[in-house]
Amino acid sequence: MRCTSGCRILHLVSPDLYPGVPYEYTAVAPEASLVFTAGACPIDAKGNVVAPGDFEAQAQQSLDNLRAALETAGSSFDRVLKTTVYVAAREQAELVRVWNVVEQGFGPARPPSTLVGVALLGYRDQLVEIEAVALTG
């Protein structure tokens, strides 16, 4: 846990996530009991993109990384207020493939979500990225 701006914002990182990224995984606003995550990427603990070309496997790894980031901040999928799912897709069917994994991963929780097709994401071979805003505590 790192305190910034006079402890108004807490930045947390799970020991299960790759530490070499150039951004914070989560930002917690303690007074409002909110956590804002960075986009969870399909990278393993060594910083490698998993399953190049596989939308479903990358969606699952992104969900696993998002879950780890949220749990570190004292939150969980059932406390998510909103998600944004980015997919480097050429056609709508690829968006749907990712959405099916995300929907199943959240189980009975059905937070509002935005599904966006994009041309490119930050890591080589990356197809999926998922960010969230959630309650903590």
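The values are calculated or read from the model by the stated rules, or taken from the named source; none is laboratory data. The structure displayed is predicted, hence computed values, not measured ones. All Cβ positions, glycine included, derive from the backbone under ideal geometry; neighbour counts span all protein chains shown. In case anyone asks, the SASA skips ligands and DNA or RNA and just uses the protein heavy atoms, side chains included. Shrake-Rupley method; radii C 1.70, N 1.55, O 1.52, S 1.80 Å.
Points to keep in mind about this one:
- Residue within region 30-39 that is more than 26 Å from Leu10 (Cα to Cα), touching a helix residue (DSSP H, G or I) at 6+ places or on another chain (Cβ under 6 Å) and of a type in the set (Val, Ile, Thr) present: no
- For region 84-125, a residue qualifies if it is among the hydroxyl-bearing types (Ser, Thr, Tyr) and at pLDDT below 95, and the qualifying residues are Ser113, Thr114.
- Any hit, region 46-55, residues being at pLDDT 95 or above and among the β-branched types (Val, Ile, Thr): yes
- The set of residues in region 112-132 that are out of contact with any Gly (no Cβ under 7 Å at 6 or more places or on another chain), open to solvent by 40 Å² or more (accessible area, probe 1.4 Å) and either closer than 17 Å to Ala59 by Cα or part of a strand (DSSP E or B) (or both) comprises Ser113, Thr114, Leu115, Val116, Gly117, Ala119, Leu120, Gly122, Tyr123, Arg124, Asp125.
- Within region 23-35, the set of residues being at pLDDT below 80 and over 15 Å from the mean Cα position of the chain (by Cα) comprises Ala29, Pro30, Glu31, Ala32.
- Residues that are farther than 14 Å from Thr26 by Cα and among the aromatic types (Phe, Trp, Tyr) within region 36-76 comprise just one, Phe55.
- Of the residues making up region 36-67, those that are in contact (Cβ under 8 Å) with a residue 60 or more places away in the chain, under 12 Å from the mean Cα position of the chain (by Cα) and open to solvent by less than 30 Å² (accessible area, probe 1.4 Å) number 12.
- Single residue of Ala109, Ala89, Ala93 found to be surrounded by fewer than 18 Cβ atoms within 10 Å (Cβ to Cβ) and over 25 Å from Leu10 (Cβ atoms): Ala93
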